[in-house]
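This report refers to the structure that appears directly beneath it.
The values are calculated or read from the model by the stated rules, or taken from the named source; none is laboratory data. If you're wondering where the values come from, they're calculated on a predicted model, not measured in any experiment. Cβ atoms come from the backbone with ideal geometry, glycine included; neighbour counts cover every protein chain shown. With ligands, DNA and RNA removed, areas are computed over all heavy atoms of the protein, side chains included. Shrake-Rupley method; radii C 1.70, N 1.55, O 1.52, S 1.80 Å.
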Amino acid sequence: MRALTYHGTHDVRVETVPDPEIINPRDAVIEVTATAICGSDLHLYDGVIPGMMPGDILGHEFMGRVVETGPASTLKKGQRVVVPFTISCGKCFHCMKQQYSACDNSNPVETQDLTEPLYGHALSGLFGYSHLTGGYPGGQAQYVRVPYSDVGPIVIPDGLEDEQVLFLSDILPTGWMAAENCDIEEGDTVAVWGCGPVGLFAVQSALIMGAHQVIAIDHYPHRLELARKFGAKVIDYRQTHVLEALMEMTGGFGPDAVIDAVGMESHGLTPDNVLDRAKQTVGIGADRGHALRQAILACRKGGRISMPGVYGGFLDKFPLGAFMEKGLQWRTGQTHVQKYSKDLLRRIGEGEVDTTFLISHRLSLEEAPEGYRNFHGNQNEWTKVVMTP
Amino acid sequence: MPPKNTPPHSAVRAVAVSVCVGLLAAGAASLWLSSGRNRQDRRADDAPGRTGRLPRYGDYAVVGKTVTINSPRHELYAFWREFKNLPRFMENVEAVEASGDTLVWTIRGPAGSSYTLRTRIISDRKNEQIAWRSIDGSDIDTEGKVMFRDAPGGRGTEVEAIIAYVPPGGAAGRAIARLFRREPAVQGRHELKRFKMLMETGEVATANNRKLA
Ligand SMILES: NC(=O)c1ccc[n+]([C@@H]2O[C@H](COP(=O)([O-])OP(=O)(O)OC[C@H]3O[C@@H](n4cnc5c(N)ncnc54)[C@H](O)[C@@H]3O)[C@@H](O)[C@H]2O)c1
Ligand SMILES: [Zn+2]
Ligand SMILES: [Zn+2]
């Protein structure tokens, strides 16, 4: 089959690799009909997440048709399914609590050894996301082996197009969980850093959950425009003092909840970020936390921080004093995708959430390297790339 | 039975090395913690002895690991007590045959070789624990025990496995190395986690895309 493989920083190639097959009883193999590039893939592309090996197949946002099933799979050949990027067994303590991205069993034992010293615990398996999370071959490919196919994939009814449901795999539930983690109350202002796909879905979700207003922050005019389309007020941090503006736009309170939808590669030339960037470049596991630092300073006393943005290592100059003294609360994590699949599928079907507005480019899988180059380098126009094998 | 598929170890090791190198900067600072203390300094606390900084009992090294498995105690005990099941989660064990109190373990050695270890069951308490010891005169001096306890809050069963062995040195050392192939602590941890996977999910997780030839 053809698949997009990783070969080093900013070096991804479409290559011919062996087709996957059924290995375990609960497996299914699906033929991919649509797959997307995620902001998380850019962290791999930039080489700031450790544990990638040359030849690894990337991609964790994908859907397709079931072509093979193991004896314990409940799927049927021909069914259309969207596959959550979190690989979860559905049976362990964490899965029973719907903490799917904390699954104990999906990361093979050998690769669990990689994150135990790094994070204190082994992470769950994720598709196409480094050997820290199992080294599972990803979905930017013609075929994917899907473990635990009896509990993960969600079957899509006829009448919904691929593009409408594809983002159930990651960014829609991620934006939704980010808003849920804000515990939104009447009258609340939610501020969202980053108007990439995750931020845009967080904007939409927070408004559905009843936020009084959502303020979105970025520096790309087109991305800000998309956020505004969904009813957000926007701040362009290149031309506005973010902290001051947020205070003024919230009657002097500051936002009740803040969402960091930027993650470990914050843009900007502020002194903290320049220093972070230097450290990240020499590869000592430093994250670039400028957006997060700003969000913590902005958040009102007793407010909530929701952090869907991905971080991998260490952060210094963390405003711990502000966090403690203001009595903030903080929730984060890789999304528990399976927890939200059904509810969000219904909302898509009922037309409550718009899932296609952010797709800017449609490519073939063969053009994936170009997709990476542009989603990385021309973020203003390239807001989301969907590919078909 | 599910095949035991594991990624090529060299690949995993390469990643482990790169991850560790990345961590060096952060880890160096804590090295002093593990130096400069010896066993005499250790005051009694409630932690298992093997978690001490110098876990040695006479000539024996002791490794162990606890996992919680979301299954009832009697099921786990019964699966383990059926010793021919053990190779399903013990990577290096090709077969275990029981006759009376004696267990004969066929263990994979390097380059297609295999090796036999004989142990005797020294304790067997239904749904609670099973312990075994190498038969006198074996090349390898080792003892093992697995314990099953109800976990709190309906979380299933806490399973604790402990292995004591005389660490490498001389002929016994070579045999041990052959027996465990990797460091016993790592091996034991992997086996217990695979046991958990098998009991909770019915299979052993693998990222492999194809069956191993
Ligand atoms: N938690 C999860 O499960 C999960 C799932 C998917 C993605 N993510 C993470 O969410 C983050 C965003 O993903 P995405 O796909 O939207 O990525 P993206 O790269 O498309 O978007 C990031 C946006 O942040 C903006 N930005 C950068 N620095 C900023 C700053 N200082 N202030 C305000 N805006 C700033 C960029 O201009 C860009 O528009 C990434 O870290 C990604 O890894 C997490
Ligand atoms: Zn993603
Ligand atoms: Zn699980």
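Towards the positive end of the charge dipole of segment A:194-260, with charges on Cβ (+1 Lys, Arg; -1 Asp, Glu), say which of A:P255, A:C195, A:F230 has the farthest Cα.
Checking the options against the dipole of segment A:194-260, the answer is A:F230.
Zone of A:E15 (label point 7 Å along Cα→Cβ, backbone N under 20 Å): which residues in segment A:141-165?
A:141-145
Helix-derived [θ] at 222 nm for chain A: sum -39500 (n - 2.57) over DSSP H runs of at least 4, divide by residue count, nearest 500?
Mean residue ellipticity, 222 nm, calculated: -8000 deg cm²/dmol.
Hey, with R₀ at 51 Å, roughly what FRET efficiency would B:S71 and A:I208 work out to, going by the Cβ-Cβ distance, to 0.05?
E(calc), rounded to 0.05, equals 0.80.
Using r as the Cβ-Cβ distance of A:E370 and A:E185, and R0 as 51 Å, what FRET efficiency do you calculate, to the nearest 0.05?
0.70
For A:K229 and A:T74, what does the FRET efficiency come to when R0 = 41 Å and r is the distance between their Cβ atoms, rounded to the nearest 0.05?
Efficiency, rounded to the nearest 0.05: 0.55.
How large is the dipole of segment B:86-142 about the Cα centre if only Lys and Arg carry +1 and Asp and Glu carry -1, each at its Cβ, rounded to the nearest 20 debye?
That gives segment B:86-142 a dipole magnitude of about 140 debye.
When the dipole is taken about the Cα centre of chain A, and only Lys, Arg (+1) and Asp, Glu (-1) are charged at their Cβ, what size is it in debye, to the nearest 20?
400
Cut-off 17 Å, label point 7 angstrom out along Cα-to-Cβ of A:L243: give me the residues of segment A:319-336 whose amide nitrogen falls inside.
A:319-328
Which residues in segment A:319-350 place their backbone N less than 16 Å from a point set 7 Å from the Cα of A:L275 along the Cα-to-Cβ direction?
In segment A:319-350, the label zone of A:L275 (backbone N under 16 Å from the point 7 Å along Cα→Cβ) covers A:319-322.
Among all the aspartates and glutamates, which ones have a C-alpha under 12 Å from A:K91's C-alpha, if same-chain residues fewer than 8 places away are not counted?
Output for A:K91: A:D104, A:D150, B:E200, B:E203.
Using a 1.4 Å probe over the heavy atoms of the protein chains, calculate the carbon and sulfur portion of the accessible area of segment A:172-332 as a whole percent.
58
Modelling each spin label as a point 7 Å along the Cα-to-Cβ direction, I'd like the B:K211/B:T102 distance in nm, to one decimal.
3.6
Quick one: of A:K384/B:K211; A:K342/A:K384; A:K339/B:K196, which pairs are farther than 29 Å apart, Cα to Cα?
Correct reply: A:K384/B:K211.
Report for chain A the percent antiparallel among DSSP-assigned beta bridges with both residues inside it, nearest 5.
Around 55 percent antiparallel, to the nearest 5.
What Kirkwood hydrodynamic radius do you get for segment B:50-201 when you take the inverse of the mean 1/r over all pairs of distinct Cα atoms, in Å?
It is 15.9 Å.
For A:K317, give me every one of the lysines with a C-alpha distance below 16 angstrom, ignoring sequence neighbours fewer than eight places off in its own chain.
Counting by Cα, and skipping residues close in sequence, A:K317 has these lysines nearby: A:K279.
Projected onto the charge dipole of segment B:50-201 (+1 at Lys/Arg Cβ, -1 at Asp/Glu Cβ, origin at the Cα centre), which of B:L76, B:I135, B:A61 gives the Cα projection farthest towards the positive end?
Projecting each Cα onto the dipole axis, the largest value belongs to B:A61.
Leaving out ligands and nucleic acids, note down the accessible area per residue over the protein assembly as shown with a 1.4 angstrom probe, in whole Å².
With all protein chains present, the protein assembly as shown gives 42 Å² per residue.
Between chains A and B, what is the buried accessible area in Å², counting both sides, with a 1.4 Å probe and ligands, DNA and RNA left out, to the nearest 100?
Using a 1.4 Å probe on protein heavy atoms, the buried area is about 3400 Å².
About its Cα centre, how strong a charge dipole does segment A:84-203 have in debye, to the nearest 20, once Lys and Arg get +1 and Asp and Glu get -1 at the Cβ?
420
Cα gyration tensor of the protein assembly as shown, axes a ≥ b ≥ c as square roots of the eigenvalues: rounded (a/c below 1.5), prolate (a/b > b/c) or oblate?
Prolate, since a/c reaches 1.5 and a/b exceeds b/c.
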